[in-house]
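As structure tokens, the structure follows; a few thoughts come after it.
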Amino acid sequence: WATSATGPGGPLSSSAGKRKSRGRSSRAVKVLLVNSNRELTPFPVLPLGPCLVASALAGKGDHEIRFLDLTFSADPRQEVTDTARAFQPDVVGLPVRNLDNVDYRSPLFYLDGVRETVVEPLRAARDVPIVLGGAGFSVEPEATLRFLGLALGVVGDGEEAFAELLDQ
């Protein structure tokens, strides 16, 4: 496996993906998973990764999981703020599917939008850890953490590694 949790000092859990599941978590955690991908061209993409993480967490303890999909949100900043204040999560999982649109003729860099639409409102609404993940994050984890000013991320498949982070 290439799965690991990473922070500014390197891997936080080098055994992620190697260890068998320890079963149910001993501590219930309120988890907010936010789909930050708002790209609609050429078509909207289902948030499969965060759905897999939510499904895996549902089987590992008494975690309360809320999923916020911003794909079609008319006011994503407000929706993030309202959800964070109402739900009061202990941790936020934030997948980054793509860093850019891979179109040299009309390039778009998505991390500005992630910062402005999700990270900033989350920080203003609630002081909780934000854990990055997703395919885009896994391509450039350290640079993405620095750019967004965050400290935690899961590189690779997140189903087991994110659950292990919740147990720490």
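The values are calculated or read from the model by the stated rules, or taken from the named source; none is laboratory data. Everything quoted here is computed from the prediction, not taken from an experiment. When we count neighbours, we look across all protein chains shown, and the Cβ atoms used for this are built from the backbone with ideal geometry, even at glycine. For the accessible areas, the whole protein counts, side chains as well, though only heavy atoms, and no ligand, DNA or RNA atoms are used. Shrake-Rupley method; radii C 1.70, N 1.55, O 1.52, S 1.80 Å.
So here's what we get for this one:
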read-out	value
Accessible surface, 1.4 Å probe, highest first, among residues Glu116, Glu164	Glu116, Glu164
Span from the the range 35-94 Cα centroid across to the the range 127-146 one, whole angstrom	15
Heavy-atom accessible area order for Ile130, Ile65, largest first, 1.4 Å probe	Ile65, Ile130
Per-residue SASA entry for Val139, accessible area with 1.4 Å probe, Å² rounded to 10	100
Trypsin sites (Lys or Arg not before Pro) within the range 31-139, DSSP loop, no more than 12 other Cβ atoms inside 10 Å	Arg105
Approximate spin-label separation Cys51-Arg27, in nm, with each point projected 7 Å along Cα-to-Cβ	3.1
FRET efficiency for Arg105 and Ala74, using Cβ-Cβ distance with R0 set to 22 Å, rounded to 0.05	0.20
Where chymotrypsin sites (Phe, Trp or Tyr not before Pro) fall in DSSP loop in the range 83-131, at most 11 other Cβ within 10 Å	Tyr104
Cβ-derived FRET efficiency at R0 30 Å, Arg146 paired with Arg85, nearest 0.05	0.60
